[in-house]
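The values are calculated or read from the model by the stated rules, or taken from the named source; none is laboratory data. Since the structure is predicted, the reported quantities are computational estimates derived from the model, not experimental observations. As a convention, Cβ positions derive from the backbone with ideal geometry for all residues, glycine included, and neighbour counts pool all protein chains shown. Calculation scope for accessible area: heavy atoms of the full protein, side chains included, ligands and nucleic acids excluded. Shrake-Rupley method; radii C 1.70, N 1.55, O 1.52, S 1.80 Å.
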Amino acid sequence: MMRAWGNRRDTFVVDEPFYTCYLNVTGKRHPGASEVIATGETDWQKVVVHLTGPIPKDREIFFQKHMTHHLLPEVDREWLSTVTNCFLIRDPREVIASYIKKRDDPALEDLGFTQQVEIFDFVRNFTKSVPPVVDAKDVLQNPERVLRLLCDAVGVEFSKSMLSWPPGLHETDGVWAKYWYTEVARTTTFRPYRPMHGEVPERLREAYERCRECYQRLYEHRLR
């Protein structure tokens with residue numbers, strides 16, 4: 001999704017701006033954590049000032065890619081009321097299968113599902129409306145249709161440029177891209193959806209069931 005928006009000429013993209021704060025506070029031993037902390041902003045309030053300020057490079061759209069678990073409890077949610085919030089969801093079975101390729105034993109809070117529901121409820125209660133939700137599977141099965149629905153939902157004109165992009169890592173990727181974006185770097189468009197097979201490891205079954213409950217709550221609201 002970040003690649004799609006980043007390929008628009010009218011859009012400036014920022015990649016996981018709270019990641020440095022998250023690693024600095026939690027001490028999580030993610031790949032390249034020391035480099036991320038050394039090169040990023042550790043003060044979440046300064047991050048918020050940047051995210052709610054003028055759009056860089058005089059662009060018209062400021063696309064911000066966030067991971068919900070990066071917004072730790074101490075990060076004030078009020079700033080979310082100043083931006084347009086959209087939620088990308090993905091089957092937790094696939095999230096877990098992808099995550100454990102990098103970190104073998106994630107805790108529930110590492111997966112972001114409970115935080116996503118909490119933030120979704122905050123935004124819905126504040127705006128008195130249901131924010132746009134898109135499911136990753138739907139995007140891969142019909143990228144243009146879902147992106148058109150999303151653009152319409154946020155009041156932005158759809159652009160065909162969102163359907164393809166140059167390969168490799170991009171200038172807007174975080175310094176962690178070399179650790180996490182190996183597959184993304186190989187793409188030039190949305191790849192066809194391929195279901196993941198195999199069972200969730202027994203040690204993660206309880207976390208999976210909780211994530212599945214959260215996923216289903218938002219899935220009911222997805223654009224379709």
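Tabulated data for the structure shown
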read-out	value
Some residue of region 131-152 being touching a residue at least 24 places away in the same chain (Cβ under 8 Å), buried (at least 17 other Cβ atoms within 10 Å of the Cβ) and in contact with a His (Cβ under 7 Å, 6 or more places away or on another chain)	yes
Residue check for Phe113: under 21 Å from Thr84 (Cα atoms), of a type in the set (Phe, Trp, Tyr) and over 16 Å from the mean Cα position of the chain (by Cα)	no
Index of the failed condition, Arg124 passing every other in (1) without any contact (Cβ under 8 Å) to a residue 40 or more places away in the chain; (2) basic (Lys, Arg); (3) open to solvent by 70 Å² or more (accessible area, probe 1.4 Å)	(3)
Residues of region 68-89 satisfying the condition of being closer than 19 Å to Val130 by Cβ and either in contact with a His (Cβ under 7 Å, 6 or more places away or on another chain) or surrounded by 11 or more Cβ atoms within 10 Å (Cβ to Cβ) (or both)	Thr68, Arg77, Leu80, Ser81, Val83, Thr84, Asn85, Cys86, Phe87, Leu88, Ile89
Residue ID - surrounded by the fewest Cβ atoms within 10 Å (Cβ to Cβ), chosen from residues in region 1-31 that are under 15 Å from His70 (Cβ atoms) and at pLDDT below 95	Lys28
Qualifying residue in region 88-108 (condition: part of a helix (DSSP H, G or I), among the aliphatic types (A, V, I, L, M), without any contact (Cβ under 8 Å) to a residue 60 or more places away in the chain and over 27 Å from Asp152 (Cβ atoms))	no
Evaluation of Lys65 against (1) touching a residue at least 60 places away in the same chain (Cβ under 8 Å); (2) open to solvent by 50 Å² or more (accessible area, probe 1.4 Å) (one fails), failing number	(2)
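Every residue, every condition in (1) of a type outside the set (A, V, I, L, M); (2) in a helix (DSSP H, G or I); (3) modelled with pLDDT under 95; (4) within 17 Å of the chain's Cα centre (by Cα), yes or no:
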{"site": "Val146", "(1), (2), (3), (4)": "no, yes, no, yes"}
{"site": "Cys151", "(1), (2), (3), (4)": "yes, yes, no, yes"}
{"site": "Ser161", "(1), (2), (3), (4)": "yes, yes, no, no"}
{"site": "Pro166", "(1), (2), (3), (4)": "yes, no, no, no"}
{"site": "Val184", "(1), (2), (3), (4)": "no, yes, no, yes"}
